[in-house]
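J.: One structure coming up, written as structure tokens, with questions to follow.
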Amino acid sequence: MNEHQLAANKDLVRRFVETVKNARKLDQLGEFFAADYREHNETVASFGPGVVGYQRFLGHLFEAFPDDRLTIELITAEGDLVSYRATESGTHRGEFLKIPATGRQATWTEIQFFRISGGKVVEHWVDVDIFSWFQQLGVIPAMG
């Protein structure tokens, strides 16, 4: 894959983050993800298949964390894959994954991978530091 295509793939992911995640334009998710993309994160996938399922998950996240904001700290591309390491933060104002609102603010890290084909994401992986996130919310007790 040439440098121009690698840059275009990274730009697609950056625009997805700014448009869908940070600007909350869930109706535009299909501009970035293929309708039947494959989700590898079990929690996200539990909201249903493809773009519709991911929209449901993100809607659930944003209802629970209305001030949620993601900042990409590192992004890389190789072949048809783009990955990033990011910091996400928000205040827990509503139920999330059956956890009642705590009113606490949290900042957590995540790593995501996107396989891109035909200008859209066709596979997606996300790994979140859920332990740190849930400790900050008071769901998991502090260690040590």
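The values are calculated or read from the model by the stated rules, or taken from the named source; none is laboratory data. Here the structure is a predicted model, which means the values were calculated and not measured. Note that we place each Cβ from the backbone using ideal geometry, even for glycine, and neighbour counts take in every protein chain shown. For accessibility, only protein heavy atoms count, side chains too; no ligands or nucleic acids. Shrake-Rupley method; radii C 1.70, N 1.55, O 1.52, S 1.80 Å.
J.: From Arg69, Arg93, which residue is more than 24 Å from Ser117 (Cα to Cα) and more than 12 Å from the chain's Cα centre (by Cα)?
T.: Unique residue meeting the criteria: Arg93.
J.: Still on this structure, please answer the following. Give me the pairs: first residue in segment 48-77 and among the acidic types (Asp, Glu), second residue part of a loop (DSSP other than H, G, I, E, B) and open to solvent by less than 70 Å² (accessible area, probe 1.4 Å), beta-carbon distance under 7 Å, and six or more apart or on different chains, which are they?
T.: Correct list of pairs: Glu63/Gly94.
J.: Can you pull out the residues in segment 1-33 that are open to solvent by less than 20 Å² (accessible area, probe 1.4 Å), in contact with a strand residue (DSSP E or B) (Cβ under 7 Å, 6 or more places away or on another chain) and under 13 Å from Ile116 (Cβ atoms)?
T.: Across segment 1-33, the qualifying residues are Asn9, Leu12, Val13, Phe32, Phe33.
J.: Scan segment 58-86 residue by residue and report those that are closer than 21 Å to Phe47 by Cα and either of a type in the set (Asp, Glu) or at pLDDT below 95 (or both).
T.: Glu63, Asp68
J.: Does segment 84-107 contain at least one residue that is of a type outside the set (Val, Ile, Thr), closer than 23 Å to Leu12 by Cα and in contact (Cβ under 8 Å) with a residue 60 or more places away in the chain?
T.: The initial filter retains those residues of segment 84-107 that are of a type outside the set (Val, Ile, Thr), namely 84-86, 88-90, 92-98, 100-101, 103-106.
Right, trim to closer than 23 Å to Leu12 by Cα and you get 84-86, 88-89.
Add one more test, that the residue is in contact (Cβ under 8 Å) with a residue 60 or more places away in the chain, and what stays is 84, 86.
Scanning segment 84-107, I find at least one residue that is of a type outside the set (Val, Ile, Thr), closer than 23 Å to Leu12 by Cα and in contact (Cβ under 8 Å) with a residue 60 or more places away in the chain, so the answer is yes.
J.: Sticking with this structure for a sec: Got a sec? Which helices (runs of 4 or more DSSP H) wholly within segment 34-144 have at least 1 residues that are buried (at least 16 other Cβ atoms within 10 Å of the Cβ) and among the β-branched types (Val, Ile, Thr)?
T.: Fully inside segment 34-144 and qualifying: 42-45, 50-64.
J.: Looking only at segment 12-30, decide whether some residue is part of a strand (DSSP E or B), at pLDDT 95 or above and polar (S, T, N, Q).
T.: no
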